[in-house]
Each structure stands twice: as C-alpha cells, then as structure tokens.
1. Which of the GluC sites (Glu not before Pro) found in the stretch 128-209 are in a DSSP loop and have at most 14 neighbouring Cβ atoms, other than their own, within 10 Å?
2. In debye, nearest 20, what is the charge dipole magnitude of the stretch 185-245 about its Cα centre with +1 on Lys and Arg Cβ and -1 on Asp and Glu Cβ, if you could check?
3. In the full protein assembly as shown, how much of ILE135 is accessible to a 1.4 Å probe, in Å² to the nearest 10?
4. Could you report the stretch 28-125's accessible area per residue, 1.4 Å probe, as an integer in Å²?
5. At a 1.4 Å probe radius, which order do VAL240, VAL151 fall into by accessible area, largest first?
6. Sorted by average packing, counted as other Cβ atoms within 10 angstrom per residue and highest first, what order do 139-148, 95-104 take?
7. Please report the carbon-and-sulfur percent of the accessible area for the stretch 28-125; probe 1.4 Å, protein heavy atoms only, DNA, RNA and ligands left out.
8. Going by accessible area, probe 1.4 Å, with all protein chains left in place, what is the ranking of THR198, THR229, largest first?
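The values are calculated or read from the model by the stated rules, or taken from the named source; none is laboratory data. These numbers were taken from a predicted model, which means no experiment stands behind them. Note that we place each Cβ from the backbone using ideal geometry, even for glycine, and neighbour counts take in every protein chain shown. Keep in mind that these areas ignore ligands, DNA and RNA; they rest on the heavy atoms of the full protein, side chains included. Shrake-Rupley method; radii C 1.70, N 1.55, O 1.52, S 1.80 Å.
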Amino acid sequence: MNDFSKLALGITIVILLTSTFAGTVNAQGSERENYKNLLNTIDGAIRTFRLRGENSASMALKVAENQYGHFKSLYENTIRYDSRLSNLDNDINAKFDSLQQSPSVDGIRDLRGMVSEMANGLGVELSFLYKYAFIIILFVSLVLAFSVNMVSRTIVDWEKVNKVKRKSEELKNKLKKARREGKSKKVHKLMKEQQEFTKKHMGVLFSPMKTMLIIIIPFIIIFQLLSSTYGGWVVAWMPVNLPWPNLNIPLLSRFFPGTVASLSFFGWYLLSYFGFSMTLRRFLIPSK
C-alpha cells in the first residue's frame, strides 16, 4: 500500500468513526435526549442573558422549567421516595422561581449543576459525545489537519514548487529595482520574462491546489456529521462577548449570527482545525 492509499484509508476511518458517533447519538434513549435538551436550554439561557439581558433569559428559563417538569415526571416515584432527591427537586424548583425573577450567569450555572446532580441521582448520564465535545472535536480537527498536510506533502512536489517560487520572487525583485532606477527597456524585458516564466510554470505554482480538491469531500462529510451531532450545543464559553458579523442570509445566518458569547461546534471546529493545520504545516511541508 502506497503513502497516498494509507492517507485515504486514514481519512475514511475518521469519517466512519465520526458517523458512528453520530449514529450513537441518534440511538440514545428518550430520557438521555430529554436531559440533553434541558441542559442545552439552560446553556441557552446563559447565552441569552449575556447577549440580550434579563427579560430574554427569564423566558428561556421558563422553557427550561417546563422541560425539567417533563423530565422529572418520568421518575416521580423515585424522587418521591428518596429524601435526598426530593429535597434537591424542591431546591431546583425554588431556584427556577428565583432566577426567573432575577437571573444571573452564576445563578443559572448553579441551576445547571443542580439539574446534573439530579440526573446523576436518577441514573441518567449525558452522552460522552456531549460531555467531552470539546476534546472530541479537537481530536477530529487534529486528525483532519494532519491528514490534509500529509496529503499535500505526498502529492505535491514541494522542492519544485519552492524552486519556482524563489525564481518568481527573484524576477519580481529585479523588476522592482529596474522600475526604481527608471530603466524602461530593462523593465519591459523583465516583464516579458516574468509573463513567460509564470505561463510556463503555472501548473507547478498551482499544484498545491490539488490538495483542496482531494480533501474537500471528506471535509464536508465530517462537517455535516458534526453538525447533525452538535448543532446548537455549546462546546465552549467565551470569556467575553465577541463581536461577529450578523448576516441575515439563508444558510449563512447560523454561522454569522452577530455577537457571540459561546462557541458552537462550528466555531471550535474551525478554530482548532486551522490552528493545528498552520502549526503542522511548519513541520510537514518544506518551505525552502
């Protein structure tokens, strides 16, 4: 098996693993799904409070309270006959009432912790895909960034590319110098030489683009799988609100919603992928 076949196999394995994760999420029980949705709504209340203030957060908390009522209705007898869970349920209900009157980020986070404690007491756990979403997406991004750079290293003749780039830069510098010195004949000669050189080596200069053509399909597949799994889920919180473009355009508005207080899978996926890609490129791709 040659290097390219090994890389293709590696990318295929990443896609299969990601699709398996997505299938695991789709197959999870209704109790776990209800719990996940409840936490997601509580996180939404934190995000709403940071971006829009108390009134919007209070409405989100009302929705979360209804979801909590539905969730605990599946375990009424268990809660009723367990004094610890019964007391915790009373505390959660009181917390909901208090926060709807006067919401705060710390208070909502405390509520989330109490709901998680209740779920643990009832034997309901959040899927590891959501519990460790930050690390999973980081790992997928690392593998994809490594694969892209290895594909580029394998199929592109970087020695030839860098040689052509050096010659192109040399001609560019000579042309600048001739223009500075006002040597019009030399400028004309160098411009013609530069055009002929670029035309002759166009294929070499654009050969790195082949990497994009090869990787774009697995990149989109992995993106869609992550989107179907983590759509709407808060992967990481921003320490401060981050200004972001607000595009009221179909298909783009979900990625450009305006100022953000948290990172969804999309933001964390792009941030970690390009961070890894630029770092690995320095070690895997010859630059001279």
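1. Taking the stretch 128-209 and a limit of 14 other Cβ atoms within 10 Å, the loop GluC sites (Glu not before Pro) found are GLU181.
2. With only Lys, Arg, Asp and Glu charged at Cβ, the dipole is about 640 debye.
3. 100
4. 50
5. VAL240, VAL151
6. For the peptides 139-148, 95-104, the packing ranking is 139-148, 95-104.
7. Numbers: 2000 of 4930 Å².
Reported share for carbon and sulfur atoms: 41 percent.
8. From most exposed to least exposed: THR198, THR229.
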